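A short write-up of the structure that comes next.
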Amino acid sequence: MGAYATERLVAAESLIPIPEDIGADQAAAFLAKGLTAWMGIRALHQVQPGEVILVQGASGGVGSILSRWAKDLGATVIGVAGSKEKLPQVQAGADHALLATDPDFLATVREVTAGGVDVVYDLVGQATAELSAQAVRDGGKIVTIGAASGPPRHYASLQGKRGIRLVGGPTGRRPRRRIPPPRLAEGGRKQRTSRSEPRGQA
């Protein structure tokens, strides 16, 4: 509450220090999506060096931050775009950029990692669920964050058949352990804002 006020009192423990090379506008834009990305790579799954992850919706705000951050942590990132126009943005933050509609999608994934990816971050939902299920290795993990195209229908049966772990979303298990808060000094923070609007139009 009070975000549009000129001045307000805020408890110090609720604030996040901003490094000198990051402006207030960039910090505000980053934190809105960045906290969701942080939840994905720190709370729902602890990204480890050497892991291969696939990000569905890698051109969006959360997906682009998550891709860069995971890559900075040492993971190999396969970013997926829904259209050719979005590929350049995905390429900027991922090791490999693929189109969701590419008929050779799974073959390309298998070239990167023969048994399938360790983790899928699915920010799209129903439209990409089947492809995500085919891309993840047996015993791997699917992290659902939102469902822009509707809730996925294919995930529930994977746990018994292939030992796939599901976290986040309506069918997932939410983390019970406390995760240290994010720091803007961590990787992935160099995120551009596409535009800004006057406060009265925001």
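For this structure, a couple of remarks:
Residues checked against (1) more than 28 Å from A28 (Cβ to Cβ); (2) touching a strand residue (DSSP E or B) at 6+ places or on another chain (Cβ under 7 Å); (3) of a type outside the set (D, E):
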site	(1), (2), (3)
S64	no, no, yes
A75	no, yes, yes
I78	yes, yes, yes
L106	yes, no, yes
R110	yes, no, yes
V117	yes, yes, yes
V120	yes, yes, yes
L131	yes, no, yes
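- The requirement of being hydroxyl-bearing (S, T, Y) and at pLDDT 85 or above is fulfilled somewhere in segment 125-132, by at least one residue.
- Test: residue in segment 134-148 that is polar (S, T, N, Q), crowded, with 18+ Cβ neighbours inside 10 Å and in a strand (DSSP E or B): yes
- Of the numbered criteria (1) under 23 Å from G146 (Cβ atoms); (2) hydrophobic (A, V, I, L, M, F, W, C); (3) in contact (Cβ under 8 Å) with a residue 12 or more places away in the chain, the one A3 fails is (3).
- There is no residue in segment 8-30 that is closer than 30 Å to L166 by Cα, under 9 Å from the mean Cα position of the chain (by Cα) and aromatic (F, W, Y).
- The listed residue being modelled with pLDDT of 95 or more, among the small types (G, A, S) and under 23 Å from G146 (Cα atoms), out of S83, S67, S59: S67
The values are calculated or read from the model by the stated rules, or taken from the named source; none is laboratory data. Quick caveat, the model's predicted, so the values are computed rather than measured. Here the Cβ is made from the backbone with ideal geometry for all residues, glycine too, and neighbour counts use every protein chain on show.
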